[in-house]
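Taking it in order: structure first as structure tokens, then the write-up.
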Amino acid sequence: MFWQKSLQVTQQAIEDNELHPIATEAETILQDDIHFQVHIINQNLLKKIDDKRKRGNPFLPYQKPMYVAEAGESHVCLLNKYPVINQHLLICTKDYQEQTAPLTIEDFNAWYMGMEDGIWGFYNGGVEAGASQPHRHMQLVKAPLPMAAKLKSGQLGFKHRALTFENFDAKATYEFYIDALNELDLYDPFRCLPNNVLLTQDSLVVIPRVTNNQHGVFLNGLNYGGIFLFRDRDKLDWAKNYQLSRLMSDCALSLAGNQ
């Protein structure tokens, strides 16, 4: 329900020089029958780092040019000021909630409000899962999901728990998520161990994390959907040789055993 309004807000933010994409256009790398989408960081990343240093929490208060819509009583939908994907939204709690605490039914309700064809979401539960802000925010992108077939089949090289559904039910999804956290030994009522969550129109996947990077290539939930961001061409070339699927497994709980 947010996407039509977000186009208007995005256009205005571009005209006002308030939106700063941090990556180049996507390239495609075919490995393991997956058409990975890869991007190279541009100079706007320095603006993001400087903005974070000056502003602290960007969501409390949020910048008015980023506002898209209310997402229920306890959440708000914002543009990502420094997007990797052109259409990239954030669903943030209105009051401060820890990014490492378990998601709630209200979080899932607000998050799913932005779900439609061609949209998928990810959540970075903690620094080691790729979170850059401690204030709770779930993310939505209008982009291909290169890992869709692998996620659906469950043929992944790392531990995970997956749920599929025909009709979204926030309570049932939340209960599965809490069960998955417990089964994967991630759950804590105040500070869960690092994990990523992927959400689509008909599925949810929970992925434990052990580190946020390998050899200086950093991964968050976007990567586990098959979209990668690299600091420069050298890092991209290194990762191609290392294999992107191996990189994901090494930063998660690999089925082959962690290093």
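The values are calculated or read from the model by the stated rules, or taken from the named source; none is laboratory data. As the structure is a prediction and not an experimental result, all values here were calculated from the model. Cβ sites come from the backbone with ideal geometry, for glycine too, and all protein chains shown count toward neighbours.
Residues in the range 216-248 that are closer than 19 Å to Val127 by Cα, crowded, with 21+ Cβ neighbours inside 10 Å and among the small types (Gly, Ala, Ser): Gly221, Gly225.
Conditions (1) surrounded by fewer than 22 Cβ atoms within 10 Å (Cβ to Cβ); (2) touching a Cys at 6+ places or on another chain (Cβ under 9 Å); (3) without any contact (Cβ under 8 Å) to a residue 24 or more places away in the chain, marked per residue:
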site	(1), (2), (3)
Glu70	yes, yes, yes
Pro83	yes, no, no
Ile119	yes, no, no
Tyr123	no, no, no
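Of the strands (runs of 3 or more DSSP E) lying entirely inside the range 144-226, those containing at least 1 residues that are more than 16 Å from the chain's Cα centre (by Cα) and within 14 Å of Leu253 (Cα to Cα) span 161-164. Tyr62 fulfils the conditions (1) farther than 23 Å from Asn42 by Cα; (2) buried (at least 21 other Cβ atoms within 10 Å of the Cβ); (3) not charged (D, E, K, R) except for a single criterion, (2). Contact map, the range 209-237: first residue under 15 Å from Gln37 (Cα atoms), second residue at pLDDT below 95 and in a loop (DSSP other than H, G, I, E, B), Cβ cut-off under 6 Å, separation 6 or more or different chains; pairs are Leu229/Val84. What residue, among those in the range 143-171 that are closer than 23 Å to Val84 by Cβ and among the small types (Gly, Ala, Ser), is surrounded by the fewest Cβ atoms within 10 Å (Cβ to Cβ)? Looking at residues that are closer than 23 Å to Val84 by Cβ and among the small types (Gly, Ala, Ser), I get Ala149.
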